[in-house]
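Report on one structure; see the data block that follows.
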Amino acid sequence: MKVLVIGSGGREHTLVWALSQSPKVEKIYCSPGNGGIAAQAECLPALSQSELLEFAKKESIDLTVVGPEQPLVEGIVDLFKQKGLAIFGPSKAAAELEGSKLYAKEFMDEFNLPNAKYKEFSDLELAINYLKEISFPTVIKADGLAAGKGVVIATSKEQAKGALKSMLEDNAFGEAGSRVVIEECLQGEEISVLALVDGHSIVALESSQDHKRIFDNDEGPNTGGMGAISPSPLYHGELKQRIEEQVLQPALKGIQKRGLDFHGVLYAGLMIAPDGTPNVLEFNVRFGDPETQAVLARLDSDFFDLLLATSKGELAQAELKWKPQQAVCVVMAAGGYPGPYDKGKVISGLDQANALEDTVVFHAGTTLKEGQITTAGGRVLGVTSLGNDLAQAQDKVYQAVEAIQFDKAFYRKDIGNKALKVHST
């Protein structure tokens, strides 16, 4: 089988890596790929949707896998399906679950998925006036796609005003921030659940927990994600059942009732309230990053079979097996991220880190230049290790992280600490 993966980040390297484990996959292409992906796939230039379609037809690609959200929201799945090509991902209409926060909130309300109370605004003055009616902290979200950075948890009225002005007046996120959602700030413990959806059924993968804030102890601004663990220590027994009954099945019912063509992955970002209610913070319509690194490192089934079955609507026959180990992924970022950062820094120590037992270094923002791997993005690497328990996985991953060096490298040193506390109580 020949597979085409679209994207260039840590998620896409993980998808390529997992697909390369399948004996059924003969050749993997990736557009545009990165410095790490180049070792496992043939990297193509960054191609337009029509160029990707022509390439898939010309090379008789058996399955195209879409990594990032942007091409999904722009309708690449519809384009491929119109030409009879197999592709993993939801249609343009279904991708609005991620493409518009307001669409997602209305969907949750219509199909009775637990979520935070909210109001939407496109007028700055009305939005600021509304701040007088609410308590703090509160959450302000750009309606559209903002690369994981369009969410501000405002702890004061002044901070909230600043965020609203930045989005609605200063166009910090362009069209994506021309409308905002202001919602109550839910308290509890966050977990992420990725679920495969094939139009007929929804099957949850193993859980994970992302670490969004830039600094240790969940301080500083939100990022695209600074690390993840899998599984979450909370995801078992009654909570697992509640997520299935109150989130996943209602979401599938909503997808079916709205007639959405969804053959891909639905990512539910959840806040588990103290009473055990799994409130939906957000939906994404693609694999999370860095959750995918932690989750797929533990997969013991043929990943290609799972994706192909999902795209064909045959998920009920697919086999899902998991390694018993736990996983920790630590993101190594460029100094300055999530603000301005330098590129072109030479990375050393990758071979030493990859040589460690049960450890894989997934490349996110890297490029191969004159035989050297150099930095090319804000989140540079997702170093991922398996251990017999969370503490062992954590020890291994930080050993690997310490073997890697590049100028102004930055990473959180507490990925998994919060979950370790849950384990010990």
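A short reminder: the numbers here are calculations on the coordinates, not readings from a lab. None of these values were measured; they are calculated from a predicted model. Counting neighbours? That spans all protein chains shown, and the Cβs are built from the backbone with ideal geometry, glycine included.
Enter the Cα centre distance for the pair segment 97-145 and segment 236-251, rounded to the nearest angstrom. A separation of 24 Å, based on Cα centres. Select from 276, 313, 21 the residue farthest towards the positive end of the dipole of the chain; place +1 on Cβ of Lys and Arg, -1 on Cβ of Asp and Glu, and compute about the Cα centre. Towards the positive end, the residue furthest out is 21.
May I ask you to order 163-175, 312-324 by the average number of other C-beta atoms within 10 Å around their residues, highest value first? Don't jump to the answer; show the numbers that get you there.
Numbers: 163-175: 16.9, 312-324: 13.0.
The densest-packed peptide leads the list: 163-175, 312-324.
For residue 404, no residue whose modelled amide H falls within less than 5 Å of its own remains once neighbours fewer than 5 places apart on the same chain are excluded.
For segment 309-425, the alpha-carbon coordinates run over 45, 43, 30 Å along the three principal axes, in decreasing order.
Per residue of the chain, the DSSP helices (runs of n ≥ 4 H) give a summed -39500 (n - 2.57) that works out to -7500 deg cm²/dmol at 222 nm.
The GluC sites (Glu not before Pro) of segment 342-425 that meet both conditions, a loop assignment by DSSP and at most 16 other Cβ atoms within 10 Å of the site Cβ, are 357, 370.
Averaging the sequence gap over all C-alpha pairs within less than 8 Å and six or more residues apart, then dividing by the number of residues, gives segment 256-299 a relative contact order of 33 percent.
Based on the alpha-carbon gyration tensor of segment 232-311 and its eigenvalue square roots a ≥ b ≥ c, which shape applies: rounded if a/c is under 1.5, prolate if not and a/b is larger than b/c, or oblate?
Values: a/c = 1.87, a/b = 1.16, b/c = 1.61.
Cα axes put segment 232-311 in the oblate bin.
Shown here is the pair-distance distribution of segment 61-136: with all Cα-Cα distances grouped in 10 Å bins from zero up to the longest one, the shares run 16, 32, 27, 16, 7, 1 percent. Normalised Debye scattering of segment 144-202 at q = 0.13, 0.20, 0.21 Å⁻¹ gives log10 I(q)/I(0) of -0.50, -0.85, -0.88, counting only Cα atoms as equal scatterers and leaving out solvent.
Backbone geometry of segment 81-93 corresponds, through the Karplus equation with coefficients 6.51, -1.76 and 1.60 at θ = phi - 60°, to 3J(HN,Hα) couplings of 5, 4, 9, x, 9, 6, 8, 9, x, x, 5, 4, 5 Hz, x marking Gly and Pro. Summing charges over neighbours of residue 290, with a neighbour being any other residue whose Cβ is under 9 Å away from its Cβ, gives -1 when K and R count +1 and D and E count -1. Once you reduce segment 179-201 and segment 326-343 to the center of their Cα atoms, the two points are 24 Å from each other. Using C-alpha pairs below 8 Å separated by at least 6 residues, the relative contact order for segment 212-339 is 30 percent. 3J(HN,Hα) along segment 170-175, derived from phi through the Karplus expression 6.51 cos²θ - 1.76 cosθ + 1.60 where θ = phi - 60°, amounts to 8, 6, 4, 10, x, 4 Hz, with x in place of Gly and Pro. With 0.36 nm allotted per residue and the present C-alpha distance subtracted, the residue 240-residue 314 stretch has 24.3 nm of extension available.
Choose one answer from 306, 390, 296: the residue with the largest mean-square fluctuation in a GNM of the chain with alpha-carbon springs under 10 Å. Answer for the Gaussian network model of the chain: 306.
Convex hull volume per residue, computed on the Cα atoms of segment 123-178, equals 65 Å³. The tail of the calculated P(r) for the chain, taken as Cα-Cα distances beyond 34 Å, holds 27 percent of the pairs. Label sites at residue 27 and residue 42, each approximated as a point 7 angstrom past Cα along Cα to Cβ, lie 0.4 nm apart.
Given an 8 Å cut-off on Cα distances and at least 6 residues of separation, report the relative contact order of the chain as a percent. Let's see the in-between values first.
Numbers: 994 pairs, mean separation 70.1, N = 425.
It comes to 17 percent, rounded to a whole number.
With R₀ fixed at 35 Å, the C-beta to C-beta distance from residue 356 to residue 261 puts the FRET efficiency at about 0.25. Estimated translational diffusion coefficient (Stokes-Einstein, Kirkwood radius over Cα pairs, 10 °C, 1.306 mPa s) of segment 2-90: 125 µm² per second.
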